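The values are calculated or read from the model by the stated rules, or taken from the named source; none is laboratory data. This is a predicted model, so every value here is computed, not measured. Cβ sites come from the backbone with ideal geometry, for glycine too, and all protein chains shown count toward neighbours. Heavy atoms of the whole protein, side chains included, go into the accessibility calculation; ligands, DNA and RNA do not. Shrake-Rupley method; radii C 1.70, N 1.55, O 1.52, S 1.80 Å.
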Amino acid sequence: MPEKIWKRKLGWCSGIVVLVLAMCLVAAVGWLREPRQYRADPPVADALGGIRLMANGIGGTPPEVYFALNKPYETNGYDLSQGKRLYAWFGCSSCHGDGRGGIGPSFLDGWWLYGPSMVSIVASIRDGRPHGMPAFKDKMTIDQIWQLAGYVKAVGSYTASSVAPGRDDDRYTRPAENRAPAAIFFEQGPTALKPDQGPSP
């Protein structure tokens with residue numbers, strides 16, 4: 001009889017030890033997860049606004065803080081999903097559709113009017129462009145502009161990314177952002193030029 005009681009206590013204690021170890025493992029994984037910063041610190045946000053554009057407004061150099069942060073708006077899943085939310089909130093799809101264009105240009109056909117670099121995309125969103133692209137600098141924070149730019153770049157990506165958003169329940173005519181949608185939809189047809197945009201990329 002005492003042996004049965006001892007075995008029951010031992011089994012009960014080992015169950016508690018396993019439960020405690022599992023809870024510690026879950027806590028450690030949660031602690032090691034990629035940290036989320038819900039809003040950029042004011043000095044960082046101020047520095048993010050200091051992009052240096054080339055004279056023609058196409059391309060340029062991101063601020064030093066962007067490299068110090070390890071390009072978060074291109075490589076951080078939280079920032080990319082926030083960019084997707086902002087794309088819907090600010091009505092970007094009314095001009096650009098699901099990325100295939102409409103009134104505004106497509107992100108998927110390989111023809112970027114002002115270049116596919118993050119600096120060009122940020123400048124386009126922040127300052128606007130001729131022929132219909134409005135400026136959003138008074139409607140969004142600079143952090144949100146970078147998040148939206150990262151998402152737009154992911155939509156027009158030629159390489160798959162595990163951190164880019166996946167498909168949601170909305171109807172799209174293109175693959176999910178994490179599957180390199182531009183590589184699938186870019187058509188290298190026999191036409192070598194687009195007269196309004198120059199030679200093929």
Task: Residue list for region 70-91, restricted to those being surrounded by 20 or more Cβ atoms within 10 Å (Cβ to Cβ) and not in a helix (DSSP H, G or I) - done: N76
TODO: Take region 47-65 and flag every residue that is touching a residue at least 40 places away in the same chain (Cβ under 8 Å) and part of a helix (DSSP H, G or I).
DONE: L48
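Quick grid of which residues meet (1) loosely packed, with under 14 Cβ neighbours inside 10 Å; (2) among the basic types (K, R); (3) under 22 Å from G110 (Cβ atoms); (4) modelled with pLDDT under 70:
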site	(1), (2), (3), (4)
I145	no, no, no, no
G150	no, no, yes, no
K153	no, yes, yes, no
D168	yes, no, no, yes
T173	yes, no, yes, yes
A183	no, no, yes, no
E187	yes, no, yes, yes
K194	yes, yes, yes, yes
Q197	no, no, yes, yes
- [ ] Would you please list the contacts, defined by Cβ atoms under 6 Å and residues six or more apart or on different chains, that run from a residue in region 126-154 that is over 15 Å from G57 (Cα atoms) to a residue that is open to solvent by 40 Å² or more (accessible area, probe 1.4 Å)?
- [x] K137/R126; I145/R126; G150/E74
